[in-house]
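Asks: Shown below is the structure under consideration.
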Amino acid sequence: MSNLKRLNVLLIDDEPERVAALKDALHSIGHHVVCQLPNTSDLNDHVKEKHPDIVIIDMDSPNRDTLESMATMSKNNPRPIVFFAEQQNDRKTMSDAINAGVSAYIADGLQPDRVKAIMDTAIAHFDAHSSLRAELEKTKTQLADRKVIEKAKGMLMKHQGCDEKQAFETLRKLAMDRGQKLPNVAQNVIEVLELSNGLSK
């Protein structure tokens, strides 16, 4: 996500003076507020509908409902979140907010002249975290795929009385013939052989 383009911002704040100050600050650096809400109720639905590039929340402190709303959004429609806390919070509150998906937590409230730098930092943190999460998911998927292939090979070796190399070649040929990925074919083989073994008992 580029921080050079105009960003569409979803803004959450229930204080008119703070809203006005933040909107002015955002407009002055070329960004656009697509939606302004008084609280985080139904946050995920609003993000899904408005497609903002970033969410900015300005409130006294993140309560339980706010944390849950941010966590739901971060899971289903992840976006960078900047949280301006007007009250000084303890370390646990800040940690809970970050675990709920906050990319930048500012504990000393809104300072308009710092908005651009804070948004840039939040986006950079979000992009880095997204890359890390994608890499982790890729690794988990690869590990799961390998387990499925190994199980299918073992079942083929037992069923056909072949060695590991022959079992793998059988899977590879099936994948090529069907135009499917190897893990998908391996899963199909497991299901067929488990069904066959069940019927033969």
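The values are calculated or read from the model by the stated rules, or taken from the named source; none is laboratory data. All figures in this text were calculated on a predicted structure; none of them were measured in a lab. Cβ atoms come from the backbone with ideal geometry, glycine included; neighbour counts cover every protein chain shown.
Asks: Based on this model, can you work out whether Lys165 counts as of a type in the set (Lys, Arg), within 19 Å of the chain's Cα centre (by Cα) and at pLDDT 85 or above?
Replies: no
Asks: Here's another thing I want to ask about it. Looking at Met94, Met70, can you tell me which residue is part of a helix (DSSP H, G or I), without any contact (Cβ under 8 Å) to a residue 24 or more places away in the chain and not aromatic (Phe, Trp, Tyr)?
Replies: Going through Met94, Met70 in turn, the sole match is Met94.
Asks: Restricting to the range 101-144, name every residue that is in a helix (DSSP H, G or I), buried (at least 16 other Cβ atoms within 10 Å of the Cβ) and in contact with an Asp or Glu (Cβ under 9 Å, 6 or more places away or on another chain).
Replies: Selection gives Ile123 alone.
Asks: Among the residues of the range 16-59, count how many are in contact (Cβ under 8 Å) with a residue 40 or more places away in the chain, of a type in the set (Asp, Glu) and either out of contact with any helix residue (DSSP H, G or I) (no Cβ under 9 Å at 6 or more places or on another chain) or closer than 17 Å to Ser69 by Cβ (or both).
Replies: Here the count works out to 1.
Asks: Here's a follow-up. Of all residues in the range 70-96, which are in contact with a Leu (Cβ under 6 Å, 6 or more places away or on another chain) and either farther than 24 Å from His31 by Cα or surrounded by fewer than 21 Cβ atoms within 10 Å (Cβ to Cβ) (or both)?
Replies: Within the range 70-96, Asp96 is the sole residue that qualifies.
Asks: Here is a further query. Output the number of residues of the range 153-173 satisfying the condition of being surrounded by 13 or more Cβ atoms within 10 Å (Cβ to Cβ), more than 12 Å from Ile190 (Cα to Cα) and touching a Lys or Arg at 6+ places or on another chain (Cβ under 9 Å).
Replies: 3
Asks: Follow-up. Within the range 99-113, identify whether any single residue is touching a strand residue (DSSP E or B) at 6+ places or on another chain (Cβ under 7 Å), outside the structural domain of Asn44 (by TED's automatic domain parsing), farther than 22 Å from Asp45 by Cβ and among the hydroxyl-bearing types (Ser, Thr, Tyr), and answer yes or no.
Replies: The answer is no, given that none of the residues of the range 99-113 is touching a strand residue (DSSP E or B) at 6+ places or on another chain (Cβ under 7 Å), outside the structural domain of Asn44 (by TED's automatic domain parsing), farther than 22 Å from Asp45 by Cβ and among the hydroxyl-bearing types (Ser, Thr, Tyr).
Asks: May I pose another question? Of all residues in the range 24-55, count the ones that are touching a Leu at 6+ places or on another chain (Cβ under 7 Å) and part of a helix (DSSP H, G or I).
Replies: 3
Asks: Can I ask one more? Can you say whether Ala100 is out of contact with any Leu (no Cβ under 7 Å at 6 or more places or on another chain) and within 22 Å of Ser61 (Cα to Cα), as far as the supplied structure shows?
Replies: no
Asks: Please tell me if Pro62 is in a loop (DSSP other than H, G, I, E, B), out of contact with any Asp or Glu (no Cβ under 9 Å at 6 or more places or on another chain) and surrounded by 13 or more Cβ atoms within 10 Å (Cβ to Cβ).
Replies: No.
Asks: Right, another one. Between residues in the range 159-184 that are on the phi > 0 side of the Ramachandran plot and residues that are at pLDDT 90 or above and in a loop (DSSP other than H, G, I, E, B), which pairs lie under 8 Å by C-beta distance while being six or more apart or on different chains?
Replies: Matching pairs, first to second residue: none at all.
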